Each structure stands twice: as structure tokens, then as C-alpha cells.
Amino acid sequence: MTTTTGTAAVTPSVGTAHTRVEGREKVTGAARYAGEIPFADLAHGWLVVSTIARGRIRAVESAPVEAMPGVLTVLHHGNAPQVDGEYVGLLGKPDPTVTLFQTDRVPFAGWPVALVVAETPEQAREAAEALVVRYDEEPHDVAFSAAHPGARKPEDPSAETEKGDLAAELAAAATVVDAEYTTPEEHHAMMEPHAATARWDGGRLEVVDSNQGSMWVADELAKMFSLDLGSVRVLSEHVGGGFGSKGLRPHQVAAVMATTVLHRPVRVVLTRRQMFSITGYRSPTVQRVRLGADAEGRLSAFGHEALSLTSTVHQFIERSADYGRAMYDADAHHTVNRVVALDVPTPTFVRAPGEAPGSFALESALDELAEKCGLDPIALRARNEPEAGPVSGLPYSTRRVIDCFEEGARRFGWADRDPRPGLRREGRWLLGTGTAAATFPSNAMPSTAAVTAEADGTFTVRITAADIGTGARTALTQIAADALEVEPSRIHMRIADSDFGQAMIAGGSMGTRSWAWAVTSAAKELREQLALGGAIPEQGITARSNTAEAIGALAQKERHSFGAQFAEVAVDTATGEVRVRRMLGIFAAGRIVNPLTARSQLRGGMVWGLSMALHEEAIRDRAFGSHVGPDLAGYHVAAHADVPPIEVGWVDDPDPDDPVGIKGIGEVGIVGAAAAIANAVWHATGVRHRHLPIRPDRVLLAGTAPGGDVDA
Amino acid sequence: MAPAPSPTYSAITLNINGEKHTLPVDHRTTLLDALRERLDLTGTKKGCDQGQCGACTVLIDGRRAVSCLQLAVAAEGRVITTIEGVAEGEDLHPVQQAFLDLDGYQCGYCTPGQICSAIAVIEEHAAGWPSAATQDVRPEAGVQPLTAEEIRERMSGNLCRCGAYVSIVEAVAQAAEAAQPPSGGSGDGNGATEAEAAV
């Protein structure tokens, strides 16, 4: 038959609610995640990680373990295949945490020292737990503080931006805020642990994995094992959450090493405890914010200094001080991200890296400034809307943050708010409300896609996208349907297979925008081919796209999503408990492709903000250098009972330079949410909480006297 | 692969979703691993393997249990229902349908556990079992409304890191309402969806 597009009037799908295309598989348990694909002759690997925080491995006593039932091999630095640790991947040189078993050095507690492979998971686990590793232990330093002598500015020139004379402007300002804020170590804690199964299949390495970019992981593995990219295939159909953690991690490398040695498929699944040390986390931060304003609340001085930590083997900077570079201007404007290397695991990207902790400090400080100026917090922000990027000087593509505040204020009932703190009581609860702005960069990265007109009248889209719960698979189905002017039911969306070619990862709020661009381009090309007429051959007609040139030609602008966060809290002054009663987030975040799934994603970000404000805190034991309670009981993430009704809305804000108008919504939802809650706690109690999480003990010790701020 | 019987293995019969499965299991094997690794019933998820996240929730003799904290050998003779067994053929269970319609999930990994838990929550509530959120626990008070607060309290053993809680509570409320025979209306009925809408 002849496949047609756009013949009948088809209602556009983009902008309408669409349940997830894989939804039925997910609610019936039929959706298979990485550790759930069956393989014949599968062996199971179990990682062994270091119990010391710094030193050398003296001996791995593998012989007794190799004699245990079912054990096939024990890999460690004395016998593991050599790999290349000097290659340059998407994000630069690899973190040595993933180039497994190449050295006897132990740089942190929880460092991978061996892999035990056995016939069954039970045998592998018991053998791994029985493996004796002897160390020469050395003194370690895991104590993070603002005063650490090792704190330094990284060589990266983007670490610092400066204009004007900050000290002079602060001295001349009518009102000054100078405060230190801290955020603790936070973890991704996605529900699905990292899992990979690797095997050699006809001369090709195939890895079934849980990741945020199959081509990304394939490229890293190819480089590390000195293979042609074409001889590596990575598949990642369903992913149980990522949040920045699911790139190349020890599990894939361990599985590839073991399958290479054993010549049979090997699966490695990380334990929840292992995830705390080898899959990244958000560094704790210490942030000093200095704001100076004139009598009307206009900023004249803006200073934001942030300190984060990294490991001794790899540098990752939590760029909290970047937040103000796009958000607020002043004659004197200074931002700097410093770092200190300690004997701890390497931190990494966690949902809204930089913006999440940075917005807590800055949006809290602005609330303090509003209080000191006697201004409404929204009025203060409206008075400080920049015309152009404060550091870049570039125009904004769109910036509707004040529209978000106005719409949010209307829906939240902000106009009725008495700004004075500590006045509202309901039984044992003190009540308060707070607000904060949100922003996150909106970018696109080059991607390729292929769209095939099938002989049966359907269309198959192939793109190495990843759906880590974002709803990307559904959004791309809607986008392809509109681009082809057909019903979404005629689209087969195939993603997460590195054989489909290069595409952006699910990260940086750039995934769906980048992939949508490539799918739209390929669909347009296909329609031009189909317009020539003729029958569709059995193998279909395929058009391909590559968006590198179009994205490279984009004008330089400040491109961001924005939002306004509102929260109402109740504080029990007898127990110190803080309950969030309701939240509202209004966002200006580009064209919303699927309101149903977009609402879930933005709300999910706000739940992260609530969790960050009140619950999350990984504690490191200074004596042993490892975590206290690295599990989901010791590290509490918000549960059902913690989460109140959360309303989400948006203002119309299509990106004028994007074919679909998308900006990105994966991260902006968390930004500012913790600050809105902390500001509400001040409004309830009169006490500023500058240290997260706002634990009951902190609330109790701070009391309720206005001005009794928590600075320690 | 199935190892040969030995002092550390036993042949057991598990009753799962109305089917009997006889298999040799390592005595160390949890019910969760028996389902996932031995019986290819991978709908039940492993999130923490230590009873803290609820992803592995199944129904055992009609009550919810975390299958990672139960040895397979101890599950013999029990009636086990997993996510693969809650739909009636092609017809989804009302809880499944509500999760699908209201987007009560994102990544989907906690979803089978949330759904199994929700099915039991609705039954526990209908049977008059109180929770910490129940206002009046006197037997003569009868069944209290299944409010949003009740659902949140009763579902708190099931973590969702994507943060889909609001939609999950709406889905459970909708399924509970559908499961209830229309009554004369004592009290204010099901308050969950109203509470969400009132924000």
C-alpha cells in the first residue's frame, strides 16, 4: 500500500494529555528492566568494596573463595584485564572509580577491590562476603568544612566571574545580607539499582544495562576496552530512575571484564549499600551569600561563594555559585565555585546540579533581604529583573519568571499574607508560607534519528533516547505523530539501543528537546520523500537526521526555564517537626508536550525539593571515613506520608528557536523548592534555617524567637 | 541454572498466581529471588533487598509482605499473588487502571509494589483495620472514610523516588471508590480527590 501522511485532518497530539505508551507494561510487571532479561548460562558477579578509607591493598586472599561452591572466578588488581584509563569521553577522562582493579591504591571507603563471579547470586554473595582483603591503612581526611586548608579555586576559568567592586558596593549599600548556608551530602537513591548483563555475541560485545544514554555508555566501554565503537552494543529499554547517576559505573565494567574472562554472560547488580559509594552523589556545600541593596531593594552588590568537595582521584565541582549568573544582576557581581579534595567517593551530577543547592542559599538570602527592606519577596524579585544576562550580557530567549510569580500568587492566595513572622498558630502548630524563584538552563545537543515509513502504514522511529521515567518515549511519540500528521497510534517508538546512532543523553534537562529536534527533522525529510509518491517497499522508506548543524547555528542567548515555588508549612514547636501542608509550582519552561507526564515530572522535582529541605542527609563517619547507615532507612527520602497535595501549573512559554518550542522540565522543579520551604519555616517561627535539612533537633534548638537564627 | 539437590537445597512447591511451581531452591534464596531469578516473574522488583523500600511487595495469603525478607522455603504452602497475577486476563485490575490513567508513576520500578500494596490497603481499610491516621479507632465507630491522609499513611512503606506520590494517592482513592458499592453515604465519603482539588 501507499503510506500517507497528513491526508485526513489529525488533531495535534503535542499539548494534549497522553498516558504513557509503555504504561500497560509498567502496571502489569511486564516491563523488563536491565537485570530482568533472561540469558542462557548466565553467571552472577558480586562486587567487593574496600573497608578502609585510604591505603593500599596488601593481599586479596582469593584461593579459599575460589574453592567455594559455584565460584567461577575472583577478579582483582592482581589478575584483572588491563584497561585504558586515559581516554577522553563525553565528560572528559574517566573517573578511576570505573577503571576497575588497575591499582592497589584505595582512595576512599567503598572503593571496588574485587569481583566474585559464581553460578548463582547466592553463591556469589556468600563468596564475596567471605573474601578476605588485607590492607596497609593510611590516615584519611573526610572532614568537609569551609575552613579546610585544601580549599582551592579550580583551574577552570569558568569557576569565577567578577565585575565591579563588591566590597565598595557592600559598604555603600543601604541594606546588606551576609550569611552562610550549608547543604549536606545527598544521594540519587533511584529505585532501581544499577544493573548490567554483558556477553560476547558473534564478535560483538552486548551490554543490557540501566543507563541514561546507551550510546554514551557504549562509547565509554569501547574506549576503555580498546574496541571499535561498532563492535559494542548497549541496550537500555526500561530504566528505573537515573537523576544523574546512571552513566558509566563499576557494574558495567565489571560485567564486561568477567564475560571476557569467562566466555559466558555475566550479570552484575549493585547492592543498595554499594550505590552509596560508587555511583556518585551530590557534594555537601558551604555557601556564603552577600547581597547589598539600595533603600528600594535594588541590588547593588551580589556575591556568591560556594565550596564543595571532590575525591582525590577525580574532580567534580558542584557549581552552586553559577545560579546567580543567569538570575540576578548588580553593579558589583562576584561568583566563585571552590573545591576541596578529600578521601571520599567522587561526587557527580544530581538532579539540578549546582542550581539545587545554589538556589537554596540565594533564594533564602533574597527572602532575608526582602525582610530587611520591608518588601514583599515577590516585589523584591520584580524590582531586580535583569534586562540581559548579568554575566554574559546576552539577551534572554524568554524570561517569564515574574509572570510565574503573579500566576502563582493568585492561585496560592499570596495577597492575603501577613508578612510578619511567628503570628499564626493552629493548636500546637505554627503556620507560615514562603516563596522562591526557580531556573535551570535550557539547551539542546546534536542528535541523530531515523524515521521509517512501513509498508503496513505505520511509522517506526529509531533514536538512542532514554526514558528514565521522564515520559520521553511518550512525548517523542506525540512529536513524531504531529510531525508526520498522523495519529500517535501509528508510531512505533524505539529507543535506548546504541545501534540507532549518536544522540543526547537523558541529562541536563536536554534529552527530550534534543531528541524531539532530531525526530522532527527526520520526519520532515521523510514527508518530502513520500511526497514524491510511489509504493512503499517491504523494507520501508527511511529518512535520517542529524541536528548538529542546526544546533550549531543557534544564536547565543541566555536560554533557561524559569519558575516560582510556593509552600505552606506547619511547625510543631514542641517536637520540632516541620510538615509541608501544600506546595504550588508555576513554571515557564517551554512548550509542554504532554501535560499528564509533565505535571508528574515537575511535581516529582518539587517532592525532591521537599525531601532536600526536611529529610535528606548522608552522614560520613570521620573515624572510619565511610557512611553511617548507607541504606534507605538511614538515608530518608520523602515517603507518602511526607508529601502533601502539590499543584503544578505553567505559563505559555514556547522557545522561539526550537522546532517544537521545548525548553526542558526535568530539573527546574526541584530548584527553589527547598528555599520556599525554608522561607515558610521562617514565616512560621521567626527563625532563619540556613542549614539543610531542617531537622527537628535544629528547630527545637533554634526556638521560635524572631532573630534566633540557626547559624551553626 | 538449577543446581543439583544437596544438603543446602530443597525441592519446594510454591503457589503463585494460582499456579503451582515445584523447584529446587538454595535455602538462602529469598522469595524475591525465587520469583525473579528462578521463575522469571520479574514484575516484582528489588530496590533495596533489605525491607526498606517496598518495591518487592507481594500478597501472601491476601496480605502484603516484602518478599525480600522472606525465604522461599518458608513460603511453601502460602497463597502468593504477584503483580503478574492481579489482572483478570486482559482486563487490568482497577488499581492498575487508575495508575495508568492518572500517571501514578514515572520510571515504573516501584509501581508493582505500589499496586500490590494499594490493593491490600483498600481491602484492609474496607475490613475496618485502623491506621495511625485513623481518627476514631473504637470498634463501634465503623469504617472511617479512606481519606488522602489515610492512604498516605497506609502506603508509606512504598517509596517512590520519582516523587509520583500525589498521583498515586489519587489513583488509590479512585480505585477504592470504584471498589465500593454505592452506599447511603455516611460521613463525607472519599475525601482524597476532593482534598487534592482544593489546593
- Task: Give the residue, chosen from A:ALA109, A:ALA80, A:ALA59, A:ALA53, that is in a strand (DSSP E or B) and open to solvent by less than 40 Å² (accessible area, probe 1.4 Å).
- Result: A:ALA59
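Conditions (1) free of Cβ contacts under 8 Å to residues at least 40 places away in the same chain; (2) acidic (Asp, Glu); (3) in contact with a strand residue (DSSP E or B) (Cβ under 8 Å, 6 or more places away or on another chain), marked per residue:
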site	(1), (2), (3)
A:VAL49	no, no, yes
A:ALA53	no, no, yes
A:ALA59	no, no, yes
A:GLY70	no, no, yes
A:TYR87	no, no, no
A:ASP95	no, yes, no
A:VAL98	no, no, no
A:THR103	yes, no, no
- Message: Taking the conditions exactly as written (away from chain A (no Cβ under 11 Å), among the polar types (S, T, N, Q) and without any contact (Cβ under 8 Å) to a residue 60 or more places away in the chain), does B:THR30 satisfy them or not?
- Response: no
- Regarding A:GLY23, is this residue away from chain B (no Cβ under 14 Å) and not β-branched (Val, Ile, Thr)? no
- Message: Name the residue that is surrounded by the most Cβ atoms within 10 Å (Cβ to Cβ), counting only residues in the stretch A:459-517 that are free of Cβ contacts under 8 Å to residues at least 40 places away in the same chain and not aliphatic (A, V, I, L, M).
- Response: A:ARG462
- the stretch B:33-68, residues that are more than 9 Å from every other protein chain (Cβ to nearest Cβ), more than 15 Å from the chain's Cα centre (by Cα) and either over 21 Å from B:THR13 (Cβ atoms) or in a helix (DSSP H, G or I) (or both): B:ALA34, B:LEU35, B:ARG38
- Is there a residue in the stretch A:428-446 that is of a type outside the set (Lys, Arg), open to solvent by 10 Å² or more (accessible area, probe 1.4 Å) and more than 30 Å from A:GLY408 (Cβ to Cβ)? yes
- Message: Among the residues of the stretch A:153-180, what is the count of those that are open to solvent by 70 Å² or more (accessible area, probe 1.4 Å), modelled with pLDDT of 95 or more and within 30 Å of the chain's Cα centre (by Cα)?
- Response: 4
- Quick one: is A:THR197 within 14 Å of chain B (Cβ to nearest Cβ), touching a residue at least 40 places away in the same chain (Cβ under 8 Å) and touching a Pro at 6+ places or on another chain (Cβ under 7 Å)? yes
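Here is a yes/no grid of residues against (1) open to solvent by 10 Å² or more (accessible area, probe 1.4 Å); (2) closer than 18 Å to A:SER158 by Cβ:
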{"residue": "A:TYR281", "(1), (2)": "no, no"}
{"residue": "A:VAL286", "(1), (2)": "yes, no"}
{"residue": "A:LEU299", "(1), (2)": "yes, no"}
{"residue": "A:HIS304", "(1), (2)": "no, yes"}
{"residue": "A:THR312", "(1), (2)": "yes, no"}
{"residue": "A:ILE317", "(1), (2)": "yes, yes"}
- Determine which member of the set A:VAL261, A:VAL268, A:VAL253, A:VAL234 is surrounded by fewer than 23 Cβ atoms within 10 Å (Cβ to Cβ) and either in contact with a Leu (Cβ under 8 Å, 6 or more places away or on another chain) or assigned to a strand (DSSP E or B) (or both). A:VAL261
- Item | Residue count, the stretch B:80-109 (criterion: open to solvent by less than 10 Å² (accessible area, probe 1.4 Å) and in contact (Cβ under 8 Å) with a residue 60 or more places away in the chain) | 9
- Message: Please determine whether any residue of the stretch A:118-135 is among the charged types (D, E, K, R), touching a Phe, Trp or Tyr at 6+ places or on another chain (Cβ under 8 Å) and closer than 26 Å to A:SER626 by Cβ.
- Response: yes
- Message: Considering only residues that are within 29 Å of A:THR474 (Cβ to Cβ) and open to solvent by less than 30 Å² (accessible area, probe 1.4 Å), which ones fall in the stretch A:547-579?
- Response: A:THR547, A:ILE551, A:ARG559, A:HIS560, A:SER561, A:PHE562, A:GLY563, A:ALA564, A:GLN565, A:PHE566
- In the stretch A:678-701, anything in contact with a strand residue (DSSP E or B) (Cβ under 8 Å, 6 or more places away or on another chain) and either closer than 19 Å to A:VAL286 by Cβ or outside any helix (DSSP H, G or I) (or both) is listed as A:ALA678, A:VAL687, A:ARG688, A:HIS689, A:ARG690, A:HIS691, A:LEU692, A:ILE694, A:ARG698
- Output for the stretch B:3-27, where each listed residue is open to solvent by 50 Å² or more (accessible area, probe 1.4 Å), β-branched (Val, Ile, Thr) and away from every other protein chain (no Cβ under 11 Å): B:THR22
- Among residues of the stretch A:600-631 being surrounded by fewer than 23 Cβ atoms within 10 Å (Cβ to Cβ) and either at pLDDT below 95 or within 14 Å of chain B (Cβ to nearest Cβ) (or both), the residue nearest to A:GLY664 (Cα to Cα) is A:HIS615
- Message: If a residue must be farther than 23 Å from B:PRO94 by Cβ, part of a loop (DSSP other than H, G, I, E, B) and open to solvent by 100 Å² or more (accessible area, probe 1.4 Å), how many such residues does the stretch B:123-144 contain?
- Response: 2
- Item | Boolean, A:ARG134 is open to solvent by 40 Å² or more (accessible area, probe 1.4 Å), assigned to a strand (DSSP E or B) and farther than 30 Å from A:SER308 by Cα | yes
- Query: In the stretch A:26-41, which residue that is surrounded by fewer than 18 Cβ atoms within 10 Å (Cβ to Cβ) and in contact (Cβ under 8 Å) with a residue 12 or more places away in the chain is nearest to A:ALA496 (Cα to Cα)?
  - Reply: A:ARG32
- Item | From the options A:ASP329, A:ASP343, A:ASP367, residue that is assigned to a loop (DSSP other than H, G, I, E, B), within 27 Å of A:GLY605 (Cβ to Cβ), of a type outside the set (A, V, I, L, M) and modelled with pLDDT of 95 or more | A:ASP329
- Message: Against the condition open to solvent by 20 Å² or more (accessible area, probe 1.4 Å) and within 14 Å of chain B (Cβ to nearest Cβ), how does A:PHE243 come out, does it pass?
- Response: yes
- Message: Restricting to the stretch A:649-681, name every residue that is within 14 Å of chain B (Cβ to nearest Cβ) and surrounded by fewer than 24 Cβ atoms within 10 Å (Cβ to Cβ).
- Response: A:GLY649
- Task: Could you check, for the stretch B:79-86, whether at least one of its residues is outside any helix (DSSP H, G or I) and away from chain A (no Cβ under 12 Å)?
- Result: yes
- Candidate set from the stretch A:402-416 (those that are surrounded by fewer than 19 Cβ atoms within 10 Å (Cβ to Cβ) and of a type outside the set (Gly, Ala, Ser)); member that is farthest from A:GLU385 (Cα to Cα): A:ASP416
- Query: Are any residues in the stretch B:16-66 out of contact with any strand residue (DSSP E or B) (no Cβ under 7 Å at 6 or more places or on another chain), basic (Lys, Arg) and farther than 20 Å from A:ALA31 by Cα, and if so, which ones?
  - Reply: B:ARG28, B:ARG63
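The values are calculated or read from the model by the stated rules, or taken from the named source; none is laboratory data. Given the structure is predicted, the values throughout are model-derived calculations rather than measurements. Neighbour counts are summed over all protein chains in view; Cβ atoms, including those assigned to glycine, are modelled from backbone coordinates with ideal geometry. All accessible areas refer to the heavy atoms of the entire protein, side chains included, with ligands and DNA or RNA removed. Shrake-Rupley method; radii C 1.70, N 1.55, O 1.52, S 1.80 Å.
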